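Have a look at the structure below, then the notes.
The values are calculated or read from the model by the stated rules, or taken from the named source; none is laboratory data. In this text, all values refer to a predicted model and were calculated from it rather than measured experimentally. So basically every Cβ, Gly included, is an ideal-geometry build from the backbone, and we count neighbours across all protein chains shown.
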Number of protein chains: 2
Amino acid sequence: MITKNQIKLIRSLRIKKNRIKHNFFLAEGEKIVDELLNSEMILVNLFSTSEKYNKLEKFIHLKNPELKQISNLKSPNKVLAIFEIPKPKEIDYNSTIIAFEEINDPGNLGTIIRICDWFGIKDIICSKKSVDCYNPKVIQASMGSTSRVNISYLCLEKIISKNQNRVVAADLNGESISEFRFDPNQIIFFGSESNGFSKEISSKIKRKITIPRYNQNIDSLNLANSVAIILSEIKHKLTEK
Amino acid sequence: MITKNQIKLIRSLRIKKNRIKHNFFLAEGEKIVDELLNSEMILVNLFSTSEKYNKLEKFIHLKNPELKQISNLKSPNKVLAIFEIPKPKEIDYNSTIIAFEEINDPGNLGTIIRICDWFGIKDIICSKKSVDCYNPKVIQASMGSTSRVNISYLCLEKIISKNQNRVVAADLNGESISEFRFDPNQIIFFGSESNGFSKEISSKIKRKITIPRYNQNIDSLNLANSVAIILSEIKHKLTEK
């Protein structure tokens, strides 16, 4: 049985300012919730139509219509949980990091978190105007990888000026990634989905890299795909060394 | 001014059987429509709030509320056009081809068409139960690349048995793509987004390839990202030769 206050709280967590106020975020669906339960994340409440969670102290049993009432999904999938937003970890500047000037699409950020998890990338840096990584759509798209990738919202200008010798920008005109010599502690910057880099950021990053293109009629690749290709190339090269 | 019959026709084209009946498909937004106008596609009608198309014989001027009435987009973008569905081209079996056992998500197929365009891949083969490549969401996600990539809906079993020496399956357990020697006429098979390969297809393809994983906690990569990484690797290797 779910209370009116719980419904109100859950719905409020769709909005960033309420997530910040309560320091909570939402996760839905068995696969994602189970991965988060197996991580360091702290569970606040778990609402489910399935009895498989009934050993959890924070478990609240729901009927299907109740789950539908609180779910953000078109087809609610058995469980919705509230977790505490963990404290951001310290960034490990000794390994590959990716940074986003302005990532807006929650699905993109979620997919990218998953790609980073696959390639063992531990840190993502986002500008402060980027989409919140605890947005429910980010959590859903990241498929449980959220707990294994650390996302920090920082001032990019400072990162660039402090790390001038290892920042590179993924751009349309740069050195081919197949020829570029990646260092193990490179910070790779990506522009926004629709506008690429601002002049401010672009002018501050001297080295640019490019995914070789085999057809001049096409002018861009999807951001998540670009990240996937570049991380695959970096890992391939660094592992070969 | 748009007629009631035109509104009816446009709305009907959201459904596959009506697209087949009329042999028409829809495209929306300036970038996509402009790319298709510059291709071999045959325009049927173009409805726009912008006067920039007024030299086209098939141009029909609309007011914003009229465009909203026919648009599939949340924020309609100036133009919607009806094009003829072109005849499928012959497949070029002398170059890299990608094939999908069952691709269901239109956004995924559209993104993959764009990736193929970027890497100069001319042919995609889909099983007959895959999403229709003239679905409006596929057209939108492909961002105009539709006209440059040929998609054929065929019986995969036949393709496999005829091309046994060059089919490979992208799977979770296979030879690492960084070590695999790709031939220039390889046919790379991908399973469905949620279920991977069926046993029938998987058992028929002897050679499997895998994207190396650097974290054992994650069990899958998004389909479009996998395609992007594998095509980048193939192009990189074949160009190096």
Flag if B:Asn225 is out of contact with any His (no Cβ under 7 Å at 6 or more places or on another chain) and more than 9 Å from chain A (Cβ to nearest Cβ): no
Boolean, B:Asn217 is within 11 Å of chain A (Cβ to nearest Cβ) and either part of a loop (DSSP other than H, G, I, E, B) or free of Cβ contacts under 8 Å to residues at least 60 places away in the same chain (or both): yes
Scope the range B:115-153; condition touching a helix residue (DSSP H, G or I) at 6+ places or on another chain (Cβ under 7 Å), at the interface with another protein chain (Cβ under 9 Å from one of its Cβ atoms) and assigned to a loop (DSSP other than H, G, I, E, B); matching residues: B:Phe119, B:Ile121, B:Met143, B:Gly144
Pairs where the first residue, in the range B:166-186, is touching a residue at least 24 places away in the same chain (Cβ under 8 Å) and of a type in the set (Asp, Glu) and the second is loosely packed, with under 14 Cβ neighbours inside 10 Å and part of a strand (DSSP E or B), C-beta under 9 Å, 6+ apart: none
Residue ranges of strands (runs of 3 or more DSSP E) in the range B:23-70 with at least 2 members aromatic (Phe, Trp, Tyr): B:24-28
Test set (1) under 30 Å from B:Glu40 (Cβ atoms); (2) assigned to a loop (DSSP other than H, G, I, E, B); (3) in contact with a Gly (Cβ under 9 Å, 6 or more places away or on another chain) - A:Phe180 fails condition number: (1)
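Looking at B:Lys31, B:Lys89, which is the one that is farther than 30 Å from B:Glu200 by Cα, surrounded by fewer than 17 Cβ atoms within 10 Å (Cβ to Cβ) and touching a residue at least 60 places away in the same chain (Cβ under 8 Å)?
Numbers: B:Lys89 fails: farther than 30 Å from B:Glu200 by Cα.
Answer to the selection: B:Lys31.
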Scan of the range B:25-48 for residues that are over 19 Å from B:Pro76 (Cβ atoms) and of a type outside the set (A, V, I, L, M), ordered by number: B:Asn38, B:Ser39, B:Glu40
Matching option when the condition is touching a Pro at 6+ places or on another chain (Cβ under 7 Å) and in contact (Cβ under 8 Å) with a residue 24 or more places away in the chain, among B:Ser152, B:Ser130: B:Ser152
Residue count for the range A:185-214, restricted to those that are more than 10 Å from chain B (Cβ to nearest Cβ) and more than 17 Å from the chain's Cα centre (by Cα): 19
Selection from the range A:191-218 of residues that are modelled with pLDDT of 90 or more and in contact with a Lys or Arg (Cβ under 8 Å, 6 or more places away or on another chain): A:Pro212, A:Tyr214
Residue in the range B:41-52 that is out of contact with any helix residue (DSSP H, G or I) (no Cβ under 6 Å at 6 or more places or on another chain), under 17 Å from B:Val138 (Cα atoms), free of Cβ contacts under 8 Å to residues at least 60 places away in the same chain and exposed (fewer than 13 other Cβ atoms within 10 Å of the Cβ) present: no
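Per-residue answers, yes or no, for (1) surrounded by fewer than 21 Cβ atoms within 10 Å (Cβ to Cβ); (2) aromatic (Phe, Trp, Tyr); (3) farther than 21 Å from A:Ile218 by Cβ:
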position: B:Lys74; (1), (2), (3): yes, no, yes
position: B:Val79; (1), (2), (3): no, no, no
position: B:Tyr93; (1), (2), (3): yes, yes, yes
position: B:Ile98; (1), (2), (3): no, no, no
position: B:Ile113; (1), (2), (3): no, no, no
position: B:Cys116; (1), (2), (3): no, no, no
position: B:Ile121; (1), (2), (3): no, no, no
position: B:Lys129; (1), (2), (3): yes, no, yes
position: B:Ala141; (1), (2), (3): no, no, no
Residue tally, condition assigned to a helix (DSSP H, G or I), in contact with a Leu (Cβ under 7 Å, 6 or more places away or on another chain) and under 15 Å from B:Val138 (Cβ atoms), over the range B:1-22: 1
Only one of B:Ser75, B:Ser95 that is part of a loop (DSSP other than H, G, I, E, B), within 26 Å of B:Lys128 (Cα to Cα) and among the polar types (S, T, N, Q): B:Ser95
From B:Lys74, B:Lys16, residue being outside the structural domain of B:Ala224 (by TED's automatic domain parsing) and in contact (Cβ under 8 Å) with a residue 60 or more places away in the chain: B:Lys16
Residue within the range A:47-67 that is under 22 Å from the mean Cα position of the chain (by Cα) and not assigned by TED's automatic domain parsing to the domain that holds A:Val138 present: no
Answer residue from the range A:97-114, given it is of a type in the set (D, E, K, R) and more than 10 Å from every other protein chain (Cβ to nearest Cβ) and is nearest to the chain's Cα centre (by Cα) among those: A:Asp105
Filtered residue count, the range A:154-186, keeping only those that are over 19 Å from A:Leu109 (Cβ atoms) and out of contact with any helix residue (DSSP H, G or I) (no Cβ under 6 Å at 6 or more places or on another chain): 21
